[in-house]
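Asks: Right, I'll just put the structure down here and ask away after.
The values are calculated or read from the model by the stated rules, or taken from the named source; none is laboratory data. What you see is a predicted model; the values in this text were computed from it and never measured. Please note: Cβ atoms are built from the backbone with ideal geometry, for glycine as well, and neighbour counts cover all protein chains shown.
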């Protein structure tokens, strides 16, 4: 059993009496502490010139300094390497340690396990196009971006974000379960748009989207969604149905300017931020069927604040700067 450590005041008193000429035995009797303790305090004071508690070395590491450096180097060079693989590699050189030991070493070096972001695969031609787009528009005025109407389509699943939740329950019980449906319970595709003035219309896409259906959506919803007057710039990606000859003629006949857009660049479109926020909000509503899913999608889309939309557009030049810094590659956006 570990003895209780004496206070700093007691240790200081021992040293004070020793300086005054008292021997170990007299100090022990005066303070009613063991002679061996008096001796230990004085020896420590002689060596370190202090009675304060000093850091203790703790248990020696099972891994050599060389092995620790190699683990850190492997994790930095191969970010997708697993703890199991690193554990096996250390065992091969005779250092058998637990996975948590390896994690702790990596944490101390500033390397943390995180879910990898999904980014579109970019070929060199895609990077060049993205870089060209960013450099050509970096000098655009804030008013120019305020005139852009951003659009996109996305799929929203019925049980997508509700599939995994943690609950408190006793062992071997089936209480507080979450209902699941084969294949996720279905999903819907929606088209929507927004600008610095707020969100525009949202439309559920029935069946497969083709050029004709896309033009119908534009015809019935685009002008009403603009909120920017007649002179706005429309953004769309380079999907074939968007770039079809008949679709581009429709824009021309309506005198709508279309923003030239680089391929494979969804992270350049600020509507992606709204999609993420929308899906989180919708699944908090816990829709139980596709009809409710569509209803909640439209309700939550309308709730998106104008200030949030305006902020995304206000900070858009930062996206362009990030693209240039990444030489057209993927960015945090």
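Asks: Only helices (runs of 4 or more DSSP H) wholly contained in region 255-333 count here; list those with 1 or more residues that are at pLDDT 95 or above and over 16 Å from residue 146 (Cα atoms).
Replies: 271-284, 290-303
Asks: Among the candidates 123, 128, 119, 155, which residue alone is surrounded by fewer than 15 Cβ atoms within 10 Å (Cβ to Cβ), closer than 30 Å to residue 187 by Cβ and at pLDDT 85 or above?
Replies: Unique residue meeting the criteria: 155.
Asks: May I pose another question? For residues in region 92-103 being surrounded by 11 or more Cβ atoms within 10 Å (Cβ to Cβ) and at pLDDT 85 or above, which is farthest from the chain's Cα centre (by Cα)?
Replies: 98
Asks: Regarding region 135-142, can at least one residue be identified that is under 30 Å from residue 82 (Cβ atoms), surrounded by 12 or more Cβ atoms within 10 Å (Cβ to Cβ), at pLDDT 80 or above and assigned by TED's automatic domain parsing to the domain that holds residue 238? Show your work before the answer.
Replies: So in region 135-142, the residues under 30 Å from residue 82 (Cβ atoms) come out as none.
No, region 135-142 has no match at all.
Asks: Then there is this: Taking into account only those residues within region 22-44 that are touching a helix residue (DSSP H, G or I) at 6+ places or on another chain (Cβ under 6 Å) and touching a residue at least 12 places away in the same chain (Cβ under 8 Å), which is surrounded by the most Cβ atoms within 10 Å (Cβ to Cβ)?
Replies: So, considering only residues that are touching a helix residue (DSSP H, G or I) at 6+ places or on another chain (Cβ under 6 Å) and touching a residue at least 12 places away in the same chain (Cβ under 8 Å), the one surrounded by the most Cβ atoms within 10 Å (Cβ to Cβ) is 38.
Asks: Yes or no: residue 317 more than 30 Å from residue 210 (Cα to Cα), surrounded by 14 or more Cβ atoms within 10 Å (Cβ to Cβ) and either in contact (Cβ under 8 Å) with a residue 12 or more places away in the chain or not assigned by TED's automatic domain parsing to the domain that holds residue 203 (or both)? Steps first, answer last, please.
Replies: Details: more than 30 Å from residue 210 (Cα to Cα): yes; surrounded by 14 or more Cβ atoms within 10 Å (Cβ to Cβ): yes; either in contact (Cβ under 8 Å) with a residue 12 or more places away in the chain or not assigned by TED's automatic domain parsing to the domain that holds residue 203 (or both): yes.
Criteria met by residue 317.
Asks: Residue by residue through region 44-102, note down the ones that are within 30 Å of residue 19 (Cβ to Cβ) and either assigned to a helix (DSSP H, G or I) or in contact with a strand residue (DSSP E or B) (Cβ under 9 Å, 6 or more places away or on another chain) (or both).
Replies: 44, 45, 46, 47, 48
Asks: What residue, among those in region 285-308 that are within 20 Å of residue 203 (Cβ to Cβ) and touching a strand residue (DSSP E or B) at 6+ places or on another chain (Cβ under 8 Å), is surrounded by the fewest Cβ atoms within 10 Å (Cβ to Cβ)?
Replies: By that ranking, first place goes to 302.
Asks: Next question. Where residues in region 62-75 are over 17 Å from residue 94 (Cα atoms) and surrounded by 13 or more Cβ atoms within 10 Å (Cβ to Cβ), which of them is nearest to the chain's Cα centre (by Cα)?
Replies: 75
Asks: Any idea which of (1) buried (at least 16 other Cβ atoms within 10 Å of the Cβ); (2) more than 58 Å from the chain's Cα centre (by Cα); (3) under 22 Å from residue 54 (Cβ atoms) is the one residue 19 doesn't satisfy?
Replies: (1)
Asks: So, in region 228-251, exactly how many residues are at pLDDT 90 or above, more than 17 Å from residue 153 (Cβ to Cβ) and in contact with a strand residue (DSSP E or B) (Cβ under 9 Å, 6 or more places away or on another chain)?
Replies: Total satisfying the criteria: 3.
Asks: Mind listing whichever residues of region 197-227 are over 24 Å from residue 249 (Cβ atoms) and either part of a helix (DSSP H, G or I) or in contact with a strand residue (DSSP E or B) (Cβ under 8 Å, 6 or more places away or on another chain) (or both)?
Replies: Selection gives 199, 202, 204, 227.
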